[in-house]
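Asks: The structure is given below, and queries will be raised subsequently.
The values are calculated or read from the model by the stated rules, or taken from the named source; none is laboratory data. Predicted, not measured: the structure shown is a model, and the values here were computed from it. With ideal geometry, Cβ positions are generated from the backbone for all residues, glycine too; neighbour counts draw on all protein chains shown.
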Amino acid sequence: MSANLDTVETVISAGEEGYKYGFVTDIEVDELPPGLNEDTVRFISAKKQEPAWLLEWRLKAFRRWQTLEAPDWAKLNIAPIDYQASTYYSAPKAGSGPKSLDEVDPELLKTYEKLGIPLGERAALAGIAVDAVFDSVSVATTFKGTLAAQGIIFCSFGEAVREHPELVQKYLGSVVPPGDNFFSALNCAVFSDGSFAYIPPGVRCPMELSTYFRINAAKSGQFERTLIIADKNAYVSYLEGCTAPQRDENQLHAAVVELIALEGAEIKYSTVQNWYPGDAEGKGGIYNFVTKRGACRGDNAKISWTQVETGSAITWKYPSCLLEGDNSVGEFYSVAITNNLQQADTGTKMIHLGRNTRSTIISKGISAGRGQNTYRGAVKIMPKAENARNYTQCDSLLIGKSCGAHAIPYIDSRNPTARIEHEATASKVSDEQMFYCQQRGLTQEDALSLIINGFCKEVLKELPMEFAVEAQKLLALSLEGSVG
Amino acid sequence: MTNLLTIENLHARISGGRDILKGIDLTVKAGEVHAIMGPNGAGKSTLSSVLAGKPGYEVTVGSVLYQGNELQGLGPDERAREGIFLAFQYPVEIPGVNNMYFLRAALNAVRKQRGEAELDAAQFMKAVKAKLSLLDISDDLLKRPVNVGFSGGEKKRNEIFQMAMLEPKLAILDETDSGLDIDALRAVANGVNRLRDPGRAIVMITHYQRLLDYIEPDFVHVLADGKIVASGDKTLATDLEARGYAHLASAA
């Protein structure tokens, strides 16, 4: 952590030095005019100096996208999106953000303080332009060195395309095919950048990937692309996102995440999503339309998704597992909060293909204000999945009288040996619970936080320690003002 | 000795309803144990709710002074941090929240108010062990979520254990004997007796006289139709047991 903090400080001071000496004068500002057609796709690919196969891949996805309709089956109220009105490429504009903490919205800083974000990190999160020099910082290089010594590749997606094209070409789109859905097709056509990780056979990744890199990740753009491959018997824990509220001018986010776990490998993928949810009246806010899917592509593989979704005006997200290998395991642990006018339609799909495959789904939905929260899940047992097992627990918690919670579980079993369990509850934060906590001395805020964290406990315990502490505070913050 | 609690001509009701308390006068000094008895519907639970500041209750007339200061206007948590403890008739379940974690959060909130340092996990465990001997409480109970799946006896014991840890100045025990078998009642009563202290007042609200066999009060008051209709020493309780509430209630 301290290395982390030091680095940020170093970077900030480096940035200041840079400004002083006119470091940023030679920045090429180029931006495409709004609009989306084949030329847009070609332009992006050319800008990124991509190989021909990737351009073809993008174009194919784009043509597919043109034939698709935005999905309307989710329980979401989405204003029409004009895809031709957006800009799909703009070069990084250094110096366009605030220059110092003095220029940052004090409300935002107050929130960082409440979350306990280290001082040095706050600057970077607030969008102060430090990332221009981020990659050249020695600590980053040291981490990369540690990883490289074990043969682990962890880099930006663009770098992976240049340095490891064979891996990218082999696995890209192998879990989420370009034409999978409207938003994934759009992502394939115009994705900006993202992350790539490869863990070689038998290697246990020695650190949580991206605890250090999370500030970078916060800026990776509107159409993010993530590809993680754990080779045979490898292990990796990957953290995405950040508990700090993230500033972003783009309203639509359509990311794609693909995970591949080969025989005996395990991938643990944790997300804390706190994009701008819009104001209390529902104005503004991010549309988060993400496609996340992992494939257990060998026997005894395991993929575990943990997500804490507190932000975004609209969340449309179903991290899923394809359990192809025998004895493979899929897990989904989720907390989703909707407050004010937020809407969330989120859940998972567990597709059991191999024998003795097991899946666990624990979903906790919390609705407050006028928020609408839907759990949507599918458990599918295919004919060859002998002795497959699923356990689903789906709990909803309501705060106040104007919110809604909905559960839509689909179960499709095509093998008589399957065992599927589903439990669901809906409850309210009761006045009695609040009074009991307050009578013991806890403030109203602390009381609510305690009750909410208790409700989410089974999910929060799946998060890596450092993340979990921040996530607990975040839950309380997201619901501030929803009681009393 | 100065009064810890002074209730004067207290009228109170559930917000928007009719007065349930219709003019209560009561004075409690530190070190004293008061029993408030009365038939169903007399206003016993309303009195404890009003003292603890439960939302949804309002005082229409009169005053409640605690350590010389008016309680009205203070939230339930502020009163708790000032040393008012309510042992609930029906302790509330909080799923997923570890009993120890809950108690530590509560204790630290109270300690902060008193200007004492907050306890870390290790210091807290030490404090817990010291108090555990007071009550027959198993470690298992401490590790479980607050009141979830507790038997009636376990819930009440847990309330008294919380009281032991929080060391209030004024403890209000609301029907603490209800739902207890004789062994559990004895255990809870023993715990309360060990918490009697010259610096602490205890107000027991109870329907039955049997609790007073185990916790001997200094004063007994009879509450009927929102008023205290009789006050006396513990012999009043014995008297009540023999003659019932009816003759007192009709006097109200």
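Asks: Which one is modelled with the lowest pLDDT among residues in the range A:198-212 that are surrounded by 19 or more Cβ atoms within 10 Å (Cβ to Cβ) and closer than 10 Å to A:A234 by Cβ?
Replies: A:C205
Asks: Quick one: is A:A407 more than 23 Å from the chain's Cα centre (by Cα), more than 9 Å from every other protein chain (Cβ to nearest Cβ), among the small types (G, A, S) and not in a helix (DSSP H, G or I)?
Replies: Values: more than 23 Å from the chain's Cα centre (by Cα): no; more than 9 Å from every other protein chain (Cβ to nearest Cβ): yes; among the small types (G, A, S): yes; not in a helix (DSSP H, G or I): yes.
No.
Asks: Consider A:M434 against the criteria (1) more than 14 Å from chain B (Cβ to nearest Cβ); (2) of a type outside the set (G, A, S); (3) not in a strand (DSSP E or B): it satisfies all of them except one. Which criterion is unmet?
Replies: Condition (1) is where A:M434 drops out.
Asks: I need the full set of residues from the range A:259-288 which are within 24 Å of A:A468 (Cα to Cα) and touching a helix residue (DSSP H, G or I) at 6+ places or on another chain (Cβ under 7 Å), in order please.
Replies: Correct list: A:S270, A:V272, A:N274.
Asks: Could you please let me know if B:Y66 is in contact with a helix residue (DSSP H, G or I) (Cβ under 9 Å, 6 or more places away or on another chain), within 13 Å of another protein chain (Cβ to nearest Cβ) and either of a type outside the set (D, E, K, R) or over 23 Å from B:E118 (Cα atoms) (or both)? Lay out the reasoning, then the answer.
Replies: On the way: in contact with a helix residue (DSSP H, G or I) (Cβ under 9 Å, 6 or more places away or on another chain): yes; within 13 Å of another protein chain (Cβ to nearest Cβ): no; either of a type outside the set (D, E, K, R) or over 23 Å from B:E118 (Cα atoms) (or both): yes.
When the stated conditions are applied, B:Y66 does not pass them.
Asks: Every residue in the range B:129-171 that is crowded, with 17+ Cβ neighbours inside 10 Å, of a type in the set (G, A, S) and in a helix (DSSP H, G or I), please.
Replies: B:G153, B:A164
Asks: When the range A:44-89 is examined, which residues are found to be more than 21 Å from A:Y287 (Cα to Cα) and buried (at least 16 other Cβ atoms within 10 Å of the Cβ)? Spell out how you get there, then give the answer.
Replies: We begin by selecting, within the range A:44-89, every residue more than 21 Å from A:Y287 (Cα to Cα); these are A:44-61, A:63-64, A:67.
Matches in the range A:44-89: A:I44, A:S45, A:K48, A:E50, A:L54, A:L55, A:W57, A:R58, A:L59, A:K60, A:A61, A:R64.
Asks: Pairs only if they're at least six apart or on different chains, beta carbon under 9 angstrom, first in the range B:102-116 and in contact (Cβ under 8 Å) with a residue 40 or more places away in the chain and surrounded by 21 or more Cβ atoms within 10 Å (Cβ to Cβ), second of a type in the set (V, I, T) and assigned to a helix (DSSP H, G or I); list them, first residue then second.
Replies: B:L103/B:V128
Asks: Please find, within the range A:424-444, the residue that is farthest from B:K155 (Cα to Cα) out of those that are among the hydrophobic types (A, V, I, L, M, F, W, C) and touching a residue at least 24 places away in the same chain (Cβ under 8 Å). Write out each step before concluding.
Replies: Step one: list which residues in the range A:424-444 are among the hydrophobic types (A, V, I, L, M, F, W, C), which gives A:424, A:426, A:429, A:434-435, A:437, A:442.
Add one more test, that the residue is touching a residue at least 24 places away in the same chain (Cβ under 8 Å), and what stays is A:424, A:426, A:429, A:434.
On the way: A:A424: 27, A:A426: 24, A:V429: 20, A:M434: 17 Å.
Only one residue fits best here, namely A:A424.
Asks: Considering only residues that are away from chain A (no Cβ under 14 Å) and in contact (Cβ under 8 Å) with a residue 12 or more places away in the chain, which ones fall in the range B:161-182? Walk me through how you get there before you give the answer.
Replies: Narrowing the range B:161-182 to residues away from chain A (no Cβ under 14 Å): B:175-182.
Answer for the range B:161-182, where residues must be away from chain A (no Cβ under 14 Å) and in contact (Cβ under 8 Å) with a residue 12 or more places away in the chain: B:E175, B:T176, B:D177, B:S178, B:G179, B:L180, B:D181.
Asks: Tell me which residues, restricted to the range A:277-291, are crowded, with 23+ Cβ neighbours inside 10 Å and farther than 16 Å from A:Q251 by Cα.
Replies: A:T291
Asks: Just to be sure before I move on: is B:V61 β-branched (V, I, T) and either under 17 Å from A:E432 (Cβ atoms) or surrounded by 16 or more Cβ atoms within 10 Å (Cβ to Cβ) (or both) in the structure I sent? Can you show your working first?
Replies: Details: β-branched (V, I, T): yes; either under 17 Å from A:E432 (Cβ atoms) or surrounded by 16 or more Cβ atoms within 10 Å (Cβ to Cβ) (or both): no.
Against the criterion (β-branched (V, I, T) and either under 17 Å from A:E432 (Cβ atoms) or surrounded by 16 or more Cβ atoms within 10 Å (Cβ to Cβ) (or both)), B:V61 does not qualify.
Asks: Could I ask something else about it? Taking A:S402, is it part of a loop (DSSP other than H, G, I, E, B), among the hydroxyl-bearing types (S, T, Y) and under 24 Å from A:L448 (Cβ atoms)? Lay out the reasoning, then the answer.
Replies: Numbers: part of a loop (DSSP other than H, G, I, E, B): yes; among the hydroxyl-bearing types (S, T, Y): yes; under 24 Å from A:L448 (Cβ atoms): yes.
It is true that A:S402 is part of a loop (DSSP other than H, G, I, E, B), among the hydroxyl-bearing types (S, T, Y) and under 24 Å from A:L448 (Cβ atoms).
Asks: Also, quick follow-up: From (1) more than 10 Å from every other protein chain (Cβ to nearest Cβ); (2) in contact (Cβ under 8 Å) with a residue 12 or more places away in the chain; (3) within 25 Å of B:L180 (Cβ to Cβ); (4) surrounded by fewer than 20 Cβ atoms within 10 Å (Cβ to Cβ), pick out the condition that doesn't hold for B:F124.
Replies: That leaves (3) as the condition not met.
Asks: How many of the residues in the range B:86-101 are closer than 22 Å to B:R200 by Cβ and either aliphatic (A, V, I, L, M) or loosely packed, with under 14 Cβ neighbours inside 10 Å (or both)?
Replies: Number satisfying all stated conditions: 2.
Asks: So, in the range B:69-78, exactly how many residues are more than 8 Å from every other protein chain (Cβ to nearest Cβ) and part of a helix (DSSP H, G or I)?
Replies: As a first pass, look at the range B:69-78 and keep what is more than 8 Å from every other protein chain (Cβ to nearest Cβ): B:69-74, B:78.
Okay, now just the ones that are also part of a helix (DSSP H, G or I), so B:78.
The total comes to 1.
Asks: Just the residues that are assigned to a helix (DSSP H, G or I), at the interface with chain B (Cβ under 9 Å from one of its Cβ atoms) and either surrounded by fewer than 20 Cβ atoms within 10 Å (Cβ to Cβ) or of a type in the set (V, I, T) (or both), please, taken from the range A:437-451.
Replies: So the first thing to find is which residues in the range A:437-451 are assigned to a helix (DSSP H, G or I), and the list is A:437-439, A:444-451.
If we keep only those that are at the interface with chain B (Cβ under 9 Å from one of its Cβ atoms) too, we end up with A:437-439, A:444, A:446-447, A:450-451.
Within the range A:437-451, A:Q444, A:D446, A:I451 qualify.
Asks: Could you name every one of the helices (runs of 4 or more DSSP H) located completely within the range B:172-251 that has at least 2 residues being surrounded by 15 or more Cβ atoms within 10 Å (Cβ to Cβ) and in contact with a helix residue (DSSP H, G or I) (Cβ under 7 Å, 6 or more places away or on another chain)? Show your work before the answer.
Replies: Working: elements: B:182-194, B:210-214, B:235-243, B:246-251.
Here the list reads B:182-194, B:210-214.
Asks: Limited to the range A:410-431, what total is found for residues that are within 14 Å of chain B (Cβ to nearest Cβ) and either touching a strand residue (DSSP E or B) at 6+ places or on another chain (Cβ under 7 Å) or not in a loop (DSSP other than H, G, I, E, B) (or both)?
Replies: So the count comes out to 7.
Asks: Quick test of your reading of the structure: B:F85 fulfils all but one of (1) assigned to a loop (DSSP other than H, G, I, E, B); (2) in contact with a Leu (Cβ under 7 Å, 6 or more places away or on another chain); (3) within 13 Å of chain A (Cβ to nearest Cβ). Name the failing condition by number.
Replies: Among (1) assigned to a loop (DSSP other than H, G, I, E, B); (2) in contact with a Leu (Cβ under 7 Å, 6 or more places away or on another chain); (3) within 13 Å of chain A (Cβ to nearest Cβ), the lone unmet condition for B:F85 is (1).
Asks: Of the conditions (1) more than 15 Å from B:A171 (Cα to Cα); (2) in contact (Cβ under 8 Å) with a residue 24 or more places away in the chain, B:R194 clears all except one; give me its number.
Replies: Failing condition for B:R194: (1).
Asks: Taking A:M350 as the residue in question, decide whether it is in a helix (DSSP H, G or I) and touching a residue at least 40 places away in the same chain (Cβ under 8 Å). Quick ask: steps written out before the conclusion?
Replies: On the way: in a helix (DSSP H, G or I): no; touching a residue at least 40 places away in the same chain (Cβ under 8 Å): yes.
No: the conditions fail for A:M350.
Asks: With the requirement that a residue be part of a loop (DSSP other than H, G, I, E, B) and either among the polar types (S, T, N, Q) or buried (at least 21 other Cβ atoms within 10 Å of the Cβ) (or both), what does the range B:14-53 give you?
Replies: Here is the first cut: in the range B:14-53, the ones part of a loop (DSSP other than H, G, I, E, B) are B:15-18, B:30-32, B:38-43, B:53.
Within the range B:14-53, B:S15, B:G38, B:N40, B:A42, B:G43, B:G53 qualify.
Asks: Among the listed residues B:N99, B:N158, identify the single one that is among the polar types (S, T, N, Q), in contact (Cβ under 8 Å) with a residue 60 or more places away in the chain and within 14 Å of another protein chain (Cβ to nearest Cβ).
Replies: Numbers: B:N99 fails: in contact (Cβ under 8 Å) with a residue 60 or more places away in the chain.
One residue alone meets the criteria, B:N158.
Conditions (1) over 25 Å from A:N390 (Cβ atoms); (2) touching a Ser or Thr at 6+ places or on another chain (Cβ under 7 Å), marked per residue:
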residue: A:I408; (1), (2): no, yes
residue: A:A424; (1), (2): no, no
residue: A:D431; (1), (2): yes, no
residue: A:Y436; (1), (2): yes, no
residue: A:D446; (1), (2): yes, no
residue: A:E470; (1), (2): yes, yes
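Asks: Could you tell me whether B:T46 is more than 22 Å from B:N158 (Cα to Cα), over 19 Å from the mean Cα position of the chain (by Cα), more than 8 Å from chain A (Cβ to nearest Cβ) and among the polar types (S, T, N, Q)?
Replies: Values: more than 22 Å from B:N158 (Cα to Cα): yes; over 19 Å from the mean Cα position of the chain (by Cα): no; more than 8 Å from chain A (Cβ to nearest Cβ): yes; among the polar types (S, T, N, Q): yes.
Criteria not met by B:T46.
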